[in-house]
Amino acid sequence: MHANEQAQASERKAVGRSAPKSPRTTGPAGPLARPGAAGNAAVVQMLRAAGHAWAQDAHQHGDGSGHGQAPVLQRAKSVGVFAHDHEGDEGLSNQLVLDKMTALQLHTQQIYDQMRASMAELSERALASGGRPMDLTQYNLWSGPEKWATHEKNGPRYGTKERTGEYQAHQSPGFTMDQTSQHFAALDQLEAAGYDSVNRPRDPEYQQQFVNWLKERERSGVAFDADEAQREFLRLKATGAGHERAVYEPSDGSAGRPASEGTDELVGWHGAQFGSAWEPTSDSVAKKAALAMLPVRSFGLDDPLADGTGVTHPAPLGTVQARQEIPMVMRMADELADSLRENVEVRKGIARLASGAADQNRLNELAQQATDGINRFLQGTQLLDVGGEREERAKSADLMREGRAMFLSAVNLFDAFLRTAGCPAADCPPELTSALGSH
């Protein structure tokens, strides 16, 4: 019998699970190019292949013969206007300036592409079905379903459904997980496994009792004993309910048992099936929301109840929102901020090269505004921490929204300045700024 092994494996997966800790890469959704590390020839050739006119004009073969030499980047006609006079080799100096600008352009475009791709994946199902576009102005997390308001035990504590996290999240501007493409993919996975969204099979009560017994012994420091666990499982099963919901591993026909009969009972099978569908879904939606710099708001964790007996969720720290979604948003926002800060550092270097003091000051101001926006966005994500005060957590989305607007506005104005000077710079797609909320 697999009762003890299955219980341990299931509970390791489902209990106390936090956001996965993946190794840090050069970028949060794959390797974003570092803005200061792009090779001159590689970057220019990439952009030239994409049809950028300035890249077509910015090179010639070194001696004009066109034979036997690799293309060498020469001064883009605007760089000498934008940049200070340099001591030494003027051609080399202008090449270095242009290198910074092309690397910044590539990196900024990658940031925009990552944001757009994350948003598109969240709303893919709505777009494909021709339905109303999703409201991507805010991602609303919630705990506490509306049905609790009519529950025999919980109903009097809530008073009305309007006090539940589910109701508040759905009535607020923005979207919830159940509107996303990832949500419907999880439903499809469960349907393929024989489940539906209405009649969710539950693990037998005696199995949950057994799992609780194992947990208590582990907390007490009692060493695991397979024989003792087997005896306890059989004792609980003999007097417990829910036998009709048990799932057995098919027999291989050994020991004279027919292959059509089950042999070993799988403890926690139904819970594991739901966990395998919904846990990755929760992680994925939270990750994409953070990479798109979407504001995030939390509902239903610790709002006061109508009867004054406690908070809206009886166990806030055990919710998926607290264990998975909020930690994932915070971690991915922190990784994204690293990439955004690298981008801003290159902007500061370019600002120092501007030929006039007024231009230098303006570009430095915009670079600082972008830095302030990153910091404000991160401050908003940190307010989501379940260890903080409820009143402060309620401000998370507004602060994240302000930070995102500050960053995008500063970057757009900085790049517009470069384009006006005839220099290469990224152009933020109109659909991105409008979908995120124009500023």
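The values are calculated or read from the model by the stated rules, or taken from the named source; none is laboratory data. All values derive from a computational prediction rather than experimental measurement. For neighbour counting, all protein chains shown are included, and Cβ atoms are generated from backbone atoms with ideal geometry for every residue, glycine included. These area figures cover heavy atoms from the full protein model, side chains too; ligands, DNA and RNA do not enter into them. Shrake-Rupley method; radii C 1.70, N 1.55, O 1.52, S 1.80 Å.
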Cα-projected label distance for D178 with R362, points at 7 Å along beta-carbon direction, nm
5.1 nm
Residue span F224 to Q171: 0.36 nm per residue of separation minus Cα-Cα distance leaves a gain in nm of 14.3 nm
In sequence order, what are the phi-derived ³J(HN,Hα) couplings for the range 211-224 according to the Karplus relation 6.51 cos²θ - 1.76 cosθ + 1.60 with θ = phi - 60°, rounded to whole Hz, with x for glycine and proline?
4, 4, 4, 4, 4, 5, 5, 5, 4, 7, x, 7, 5, 5
Where in the range 317-350 does the amide nitrogen come within less than 19 Å of the point 7 Å from the Cα of V311, taken along Cα to Cβ?
317-330
Using every Cα-Cα pair within the range 270-372, state what percent have a distance larger than 17 Å.
67 percent
Charge tally for neighbours of A315 with beta carbon under 12 Å away, counting Lys, Arg as +1 and Asp, Glu as -1, is 0
With a cut-off of 8 Å between alpha carbons and a minimum separation of six or more residues, what is the relative contact order of the range 263-357 in percent?
28 percent
Among K147/K395; K153/K287; K287/K395; K215/K237; K100/K395, which pairs are too far apart, with a Cα-Cα distance over 29 Å?
K153/K287; K100/K395
With all protein chains in place and a 1.4 Å probe, S143 shows an accessible area in Å² (nearest 10) of 10 Å²
Bounding extents of the range 325-402 in its principal axis frame from Cα atoms, largest first in Å, are 49, 21, 14
Would you please name the GluC sites (Glu not before Pro) within the range 361-439 that are DSSP coil residues with at most 15 other C-beta atoms within 10 Å of their C-beta?
E389
Name the residues whose placed amide hydrogens come within less than 5 Å of the amide hydrogen of W142, ignoring near sequence neighbours (fewer than 5 apart) on the same chain.
F299
